[in-house]
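So the structure is just underneath, and the comments pick up after that.
The values are calculated or read from the model by the stated rules, or taken from the named source; none is laboratory data. Just so you know, these numbers come straight off a predicted model, no measurement behind them. Every residue, glycine among them, receives a Cβ derived from its backbone with ideal geometry; neighbour counts consider all protein chains shown. What goes into the accessible areas is simple: the full protein's heavy atoms, side chains included, and nothing from ligands, DNA or RNA. Shrake-Rupley method; radii C 1.70, N 1.55, O 1.52, S 1.80 Å.
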Amino acid sequence: MFLWPQMGSRQILTILILANTLLSFITPTHCSSSSKSENVTVSLYYETLCPYCANFIVNYLVKIFQNGLISIVNLRMVPWGNAWINKSDGSFICQHGSDECLLNTIEACTIIVYPDVVRHFRFIHCVERFTLEGKHTEWINCFQKSGLGTVPIDCYNSGYGNVIEQKYAKETAQLNPPHRFVPWVVVNNQPIQEDYGNFVAYICKAYKGPKPEACRSISPMVNSMEKSNSIQPVCYVDEERT
């Protein structure tokens, strides 16, 4: 069991307020302002120790922050993936073991405690880079590297991280069609399945406003998207658990 020093009553109260007021931010229909009403909603269903999820986050998804596409995207990160809940005791069982359950919950807490996507993505990107490098146990260094406080650890220790994860588990289970693997990318409620490597093209096609430069530069891909036969590596739901 991953344990940290006991929290004081003020910290517990802080987590309680955060949990009760910010959980609504993880619903698929959330839109923080009318100015974002025409933005494209991109939801990434993933698990923290799947190497293909880590690769997608670190080397591909990050590009929407670099090329400005984040300005037309409502990005939702859903760290549950192929995990499931043990019906006998309610515990979480993760495809890549207990470390993955820990990191799924830490990332979920970070998303809720720091709802600004730029801030929590910076932390997630750091953790997933450690995953790619085989150093995921160094994840705690990502708070300092991303300039965030360690309140998500309090969230984890308080048990509210489990509440968030249960909500993510329910959302993942209700996907239609059901997810078959991760990373599972959904663009405006449409899963792009094995073609997730072309997610930028799907964003650009779905966006109804003036096309940003990043979209104009890939317009041929957008126009021929239906003909794409991209196959990307994934972690399947029914793969052997570790």
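Within 10 Å, count the other beta carbons around each residue, average over each peptide in 38-49, 131-142, and list them highest first.
So the order, starting with the most tightly packed, is 38-49, 131-142.
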Hey, any idea what Rg/Rh is for region 36-113, computing Rh the Kirkwood way over Cα pairs? 1.05
Note down the nm distance, to one decimal, between modelled labels 7 Å out along Cα→Cβ at Asn141 and at Ser217. 3.1
Over all Cα pairs of region 77-128, how is the pair count split among 10 Å bins, expressed in % and running from 0 up to the last occupied bin? 25, 48, 23, 4
How big is the equivalent ellipsoid of region 153-220 along its three axes, where each semi-axis is √(5λ) from the Cα gyration tensor, reported in whole Å from largest to smallest? 32, 16, 10
Which of the peptides 102-110, 160-168 is most tightly packed, and how do the rest follow, judged by the mean count of other Cβ atoms within 10 Å per residue? 102-110, 160-168
Heavy-atom accessible area with a 1.4 angstrom probe orders Ile111, Ile218, Ile231, most exposed first, as Ile231, Ile218, Ile111
Stokes-Einstein D in µm²/s, Kirkwood radius over Cα pairs - region 61-150 at 10 °C with 1.306 mPa s viscosity: 112
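For region 90-228, just run the numbers: alpha carbon Rg, then divide by 2.2 N^0.38 Å, N being how many residues it has.
For region 90-228, the normalised Cα radius of gyration is 1.22.
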